[in-house]
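Notes follow once the structure below has been shown.
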Amino acid sequence: MSVEQQIRELGLVLPPPAEPKGLYKPVVVIGGLAFTSGHLPIDAAGKLIAGRVGAELDQQAGQEAARLAGLGILSSLRAAIGSLDRVLRVVKLVGLVNSTADFTQQPAVVNGCSQLLADVFGPDAGVGARSAFGSNTLPLGAAVEIEAIFQVGE
């Protein structure tokens, strides 16, 4: 099954590609790798999911925010390369979690995005290297910011 078919099968709806909020490109493709800029969690109504995990948001809400950021990444990637069927594998994710000082489950929060990518690209190609960090603030007060690197083919 193609990746585009898998997305439909999973019932996923990708949002419109996000417009840059500053001086950067959402995706840069060089030498078979696609690098995405950090993506924030935007829900289906176009609302930013803001707040700190461990205070205004619990771990489950943080995971959903990470999943939404992942949908945004997929949307931007598709816009840049034409079809997600060109993706050969997830190489790396970097996830920042806006969290309280005592919250230590940032990897579990970023799993919201990791699980989405595993579901879309499969358990091998959809899982890459990863880092998850806590942050005391993120742009626009977002709950998470996630960036990714993908290997792409022709």
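The values are calculated or read from the model by the stated rules, or taken from the named source; none is laboratory data. This one's a predicted model, so the numbers in the text were calculated from it and none came from an experiment. In this analysis, Cβ positions are derived from the backbone assuming ideal geometry, glycine residues included, and neighbour counts consider all displayed protein chains. Calculation scope for accessible area: heavy atoms of the full protein, side chains included, ligands and nucleic acids excluded. Shrake-Rupley method; radii C 1.70, N 1.55, O 1.52, S 1.80 Å.
Here are a few things to note about the model shown:
- If you go through the range 1-56 and keep only what is open to solvent by 90 Å² or more (accessible area, probe 1.4 Å), closer than 18 Å to residue 141 by Cβ and either part of a strand (DSSP E or B) or among the hydrophobic types (A, V, I, L, M, F, W, C) (or both), you end up with just 45.
- Looking across the range 128-154, the residues that are in a loop (DSSP other than H, G, I, E, B) and closer than 20 Å to residue 41 by Cα come down to 136, 137, 138, 143.
- The residue pairs whose first member lies in the range 143-154 and is free of Cβ contacts under 8 Å to residues at least 60 places away in the same chain, whose second member is open to solvent by 40 Å² or more (accessible area, probe 1.4 Å) and of a type in the set (S, T, N, Q), and whose beta carbons are closer than 8 Å, counting only pairs six or more residues apart or on different chains, do not exist in this structure.
- Members of the range 96-154 found to be open to solvent by less than 50 Å² (accessible area, probe 1.4 Å) and aromatic (Phe, Trp, Tyr), listed by number: 103, 121, 150
- Residue 83 being open to solvent by less than 70 Å² (accessible area, probe 1.4 Å) and under 24 Å from residue 109 (Cβ atoms): no
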